[in-house]
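Sharing a structure with you now.
The values are calculated or read from the model by the stated rules, or taken from the named source; none is laboratory data. Since we're looking at a predicted model, the values are computed, not measured. Here Cβ is always computed from backbone atoms with ideal geometry, including for glycine, and neighbour counts include all displayed protein chains. SASA here: full protein model, heavy atoms, side chains in, ligands and nucleic acids out. Shrake-Rupley method; radii C 1.70, N 1.55, O 1.52, S 1.80 Å.
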Amino acid sequence: MSNCPNCLEDLARPTTCENVVSGMVPEFLVGLKYDFGSWPEKMTPETRTALSDHIQTTENSLLEMKAGKRMFKISAKKGSAELKYELQGESGAKSFKAILECNIPGFRTKLLGLLSATANSELVILCKTRNGEIHLLGDKNEGVEYDSSTANTGKLGTDPNGADVVLSTVCSAPTVYMGGNWDELCTIVEPGG
């Protein structure tokens, strides 16, 4: 028996009852990688029976914060966010690069503070596609880092202002988070709680 079976099934065209809308929900959760106490697990090769089992976390395995820590909500400009996965590497050693691009509107002190505080940090990001899947970027081994960020005021009163941000991480495969504790991750975990 192989240690890594290719669990494949037919990839049928989406049906009319499935949500196949493009785009991202313009709200993300962002946390510092070292503020996490536990990480969700994926299914083992022996227990995979479907294509989705290669990238989904198990439902009972949660992403959890350390005591006194929480994730933060960041709102992006509607229609500005895009998540991409690029297959990379040599044959037999391929991996993915996950890239999140967005515009965070409003040239404000909080925005510049966010960029300053996290510029040299490894992050973890949860983001939702408009079809309802939650993608986890970053893990205990590899955090998300800025590729670029440009904040500007605009020149005229009608110009857009804020920051265009590009973040990326390398992963063996995309991760769709099945934990379902989105709101709890933004609540500070009290010591002993």
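Which value, in Å², gives the accessible area per residue of the chain when a 1.4 Å probe is used on the protein heavy atoms?
The answer is 61 Å² per residue.
So, R0 is 41 Å and r is the distance between the beta-carbons of residue 156 and residue 85; what FRET efficiency does that work out to, to 0.05?
0.65
Tell me the angle of helix 109-118 to the major Cα principal axis of the chain, expressed in degrees between 0 and 90 and rounded to the nearest ten.
50 degrees
Let me ask something else about it. Please check: in the Gaussian network model of the chain (C-alpha springs, under 10 Å), which one of 116, 95, 149 has the largest mean-square fluctuation.
Judging by the Gaussian network model, the answer is 116.
While we're looking at this one, here's another question. For the chain, what is the mean residue ellipticity at 222 nm derived from helices alone (per DSSP H run of n ≥ 4: -39500 (n - 2.57); sum divided by total residues; nearest 500 deg cm²/dmol)?
Mean residue ellipticity at 222 nm (helix-derived): -1500 deg cm²/dmol.
Leaving out ligands, DNA and RNA, what percent of the accessible area of segment 62-177 is carbon and sulfur, probe 1.4 Å?
48 percent
Please work out the Kirkwood hydrodynamic radius for segment 2-155, using every pair of different C-alpha atoms, and report it in angstroms with one decimal place.
So the Kirkwood estimate lands at 17.9 Å.
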